[in-house]
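Derivation of every value follows stated rules applied to the coordinates shown; laboratory data play no part. Just so we're clear, the structure is a prediction, and the values are computed from it rather than from any experiment. Cβ sites come from the backbone with ideal geometry, for glycine too, and all protein chains shown count toward neighbours.
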């Protein structure tokens, strides 16, 4: 790549391998997906480009500094964006964001999902409430 950007492996719409690339130069996120033709030859195909100002819930560009993709939550199809001290979760289908937390430490983020079985409490005790 000939200009500064950062990227994250994602799942494409059809369940294939995808790549989200944030471009500092063009201030957008491009999403690519891997396509394989009938001869088994794979190529990358641009499937979606979203301008940063079109992502609902992000601050205006004039108020942002450093912008980085910091993680991906596969089950929710969301990327984590670090924008000048604030981490946002962006849902890739709707391109809506929500603020998660503020930090000045730039690190990779890993999503965590939890689940429970209804009616089962700690140590297997039944809950009937």
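Points to keep in mind about this one:
- Spread of Cα-to-Cα distances over 10 Å intervals beginning at zero, given as percent, for the range 5-103: 16, 50, 25, 8, 2
- Working from Cα pairs under 8 Å separated by at least six residues, relative contact order for the range 5-103 is 19 percent.
- For 44, 101, order by how many other beta-carbon atoms lie within 10 Å, fewest first: 101, 44
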